[in-house]
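Report on one structure; see the data block that follows.
Every read-out reported here was derived from the displayed coordinates using simple, explicitly stated rules and does not represent laboratory data. Not measured: the values here are computed from a predicted model. Methodologically, a virtual Cβ is constructed for each residue, glycine included, from the backbone with ideal geometry; neighbour enumeration extends over all protein chains shown.
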Amino acid sequence: MEFYGDYHTHSRYSDGREQVERIAEAARRRGLSEVAVTDHGPQLLVLGVDGLHSYERLLQEVKSLNIPGVRVLAGAEANIIDLEGRLDIPHRLCEELDVLICGLHPYTIPGNIQDGYRLFGSNHLRHLGPGWRRKAVNANTEATIAALENNPVDILAHPGLFFEVDIFEVARACVRKDVLFEINCGHRHPPPEDVEIAFKAGVQFIINSDAHFYDTVGELDYGSYLMQKLGIPAERIANFRFGGDEGWKKKR
Ligand SMILES: [Zn+2]
Ligand SMILES: [Zn+2]
């Protein structure tokens, strides 16, 4: 299996352990020609960047890097903060970044109290019974689809992780909005049955590491395993190297 890029990694600007340059070196060691550093948005408690200025610094830093053979992209993993799908990164900055990922994460500061209750509160209560669970799934699905519709998102991070969603509905929204559906190797998520649903719904996948360490940059084995197990052809994987055609189209 051969991939040319990894588009989801974390540096010390958020909760990763490495400097940007070391991530680029790790990518080169793996034989990748592109890597994106996509630090967590600021409304993720403790783990997020300590302010939007971190992205300005990241943008400067990737410009000044010179790692032969590896193009380093500045990105973000924005948090979905309410049911309207707002992100914790303003549109102006989204347009400046090379790659925009979004996802739902626990310990996110919600955009407002009501949505915080429906989105994050109902997820805490979902174990109380099927009614609560359904409410949580509906809220998570609604927020995710709204985020894809209202923002220039390139990649939906680990769909259904931490927050259960209606995978088919979310996958259809990815197809409609031309958003890549992520197979996240760091979390080994989504499980094969969900990937199969997304495959049948017609999504284009991207296989990422979600690396927080040097050694896990470009670690994409879980994706290779799913491609084989489910018979997903290479042309359905945005970052798979085939026919010399490299580089998927970002929205900016
Ligand atoms: Zn994430
Ligand atoms: Zn991540």
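Would you mind putting 111-119, 36-44, 171-179 in packing order, based on average other-beta-carbon counts within 10 Å, highest first?
36-44, 171-179, 111-119
If you average the sequence gap of Cα pairs under 8 Å that are 6 or more apart and divide by the length of the chain, what percent do you get for the contact order?
In percent, rounded to a whole number, it is 20.
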**Message:** Restricting to DSSP H runs of at least four residues, report the calculated mean residue ellipticity at 222 nm for the chain, -39500 (n - 2.57) per run over all residues, nearest 500 deg cm²/dmol.
**Reply:** -10000 deg cm²/dmol
**Message:** Sorting check: for 95-101, 6-12, which peptide has the highest mean count of neighbouring beta carbons within 10 Å, and how do the rest follow?
**Reply:** 6-12, 95-101
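List the pairs from LYS135/LYS251; LYS200/LYS249; LYS63/LYS250 whose alpha-carbon separation is above 26 Å, in the order I gave them.
LYS135/LYS251
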**Item:** Relative contact order (percent, whole number), region 1-114, Cα cutoff 8 Å, 6+ residue spacing
**Value:** 26
**Range of Cα positions in region 78-179 per principal axis (Å), largest first** = 43, 28, 17
**Prompt:** Given q = 0.09, 0.12 Å⁻¹, what are the Debye log10 I(q)/I(0) values for the chain, with equal point scatterers placed on the Cα positions and solvent ignored?
**Reply:** -0.35, -0.64
**Antiparallel %, DSSP beta bridges [both residues in the chain], to 5** = 15
**Request:** Quick one: check the C-alpha center-to-center distance for region 9-37 versus region 201-252, whole angstrom.
**Result:** 17
